[in-house]
1. Sequence-distant or interchain residues sharing an amide H contact under 5 Å with Gly314, placed H: which?
2. Counting other C-beta atoms within 10 Å, which of Met347, Met202 has the fewest, and how do the rest follow?
3. List the lysines whose Cα lies under 23 Å from the Cα of Lys364, skipping any in the same chain that are fewer than 8 positions away.
4. So, R0 is 35 Å and r is the distance between the beta-carbons of Ser236 and Thr140; what FRET efficiency does that work out to, to 0.05?
5. Quick check: pseudo-label points 7 Å beyond the Cα along Cα→Cβ at Ser48 and Thr277, how many nm apart are they?
6. For all pairs of alpha-carbon atoms in the range 56-99, what percent lies in each bin of width 10 Å, listed from the first bin to the last filled one?
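Readers should treat all values here as calculations from the given coordinates under stated rules, not as data from a laboratory. No experiment lies behind these values; they were computed from the predicted model shown. Methodologically, a virtual Cβ is constructed for each residue, glycine included, from the backbone with ideal geometry; neighbour enumeration extends over all protein chains shown.
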Amino acid sequence: MTPNPTLLLGTCLLFSTLTLQAQITVDGSQIPTGTDTIKITFDTNPASSINGGPTGGNQTWDFSALNNDDPEERIFADPANTPFAASFPSANLAVSEETDSWAYLLVNNSTFETLGFGEFDGGQPEIDKFNQTLFTFPSTFGTSYVDVESEGWVFKDPIPTSAGVPFDSLGFRAAFITDSEIDAWGTLKTPLGDWPSLRQNMQLIEVDSLFVYANGSWQFATSQVAQALGEDLIDSDTLYQFIWWSDNAEAKFPIVVFEYDTDDNSPEGDVEWLRETPAPPVSVNTLAAISSVKLFPNPASTATTLLHPEVNRGHVLLLDMLGNLLSKQAIEGTNTELSLEGLPSGMFLAQIFDQQGQLISQEKLSVAQR
């Protein structure tokens, strides 16, 4: 599957100056920070008036008919406070749709990259490291770039001798190509208001190539070999996407995003749009102060009880001070016992989330083993 930068990303850029007469510069100086929560939604059946339109300047995109069908949030955080930080030491920003899944990002003065993803599957951590350049800085109207990233081998079972080919096994190597251009600018109208905007036209291309293993090395397969094995020699898939950004400092996120049909620039599927301008959430320290969440005893050795009268359903994460997840436990009722068996003496963090995945409190826990 071709990765979608906007789910993870929440593609993280904002644009500087934009006027109807001035050249537009993208310098990456305004992006979501580790304290922002971005509120978006999806129009699951967009009207015919929602269309990407032509390239060029001084455009007007009237998307005021967008519906708020499926609201969601993108939570940005300091990677150090997330469960998979140790696997992405160069990340300086992380973003999540839900607390069990995080995308890790690198943002600096010249580039904005996705470094990979971490999630829990059946309680077990799964890490997918994948570098993809989403933007380069600075950029202006008409700026384009092409980025190519290769992924490791995906092997199949050894080829049976009955296949009649002199190879031991076959494998696929995937290449991901990002072809991006800022191809239009103008005014974007949504239910949230009018936005001076740039449009990014992005193509995400995945190319899978067939290789065979013979005589101690991997070789690119021939068409005859691919036919004999019943496989495609080269298989590709392309996703086309429009992304609208604004220089309005209140946005901090793409205003509208959708995959489009190249025949008429109409949406293919849902249209994502910014339903509220973001505001930094209440800090963890403030949350802890206003809530009545308590740990007792603290310090503790083998177990501690988490008292949370304001939350009767949700979950609690226990992390070390590097952000590595040690355990996850469901919350039912108004108190939860946390086992500390096997933990060394030291400081740990207990993060409490409600049923909607909202962080309610973060408590420091001291473990003093006897």
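1. Those qualifying (amide H under 5 Å, at least 5 residues apart or on another chain) are Ile331.
2. Details: Met347 11, Met202 22.
Listing Met347, Met202 from fewest to most nearby Cβ atoms yields Met347, Met202.
3. The qualifying lysines are Lys294, Lys328.
4. Details: r = 30 Å, r/R0 = 0.86.
For R0 = 35 Å, the calculated efficiency reads 0.70.
5. 3.5 nm
6. Pair shares across the bins are 21, 29, 18, 24, 8.
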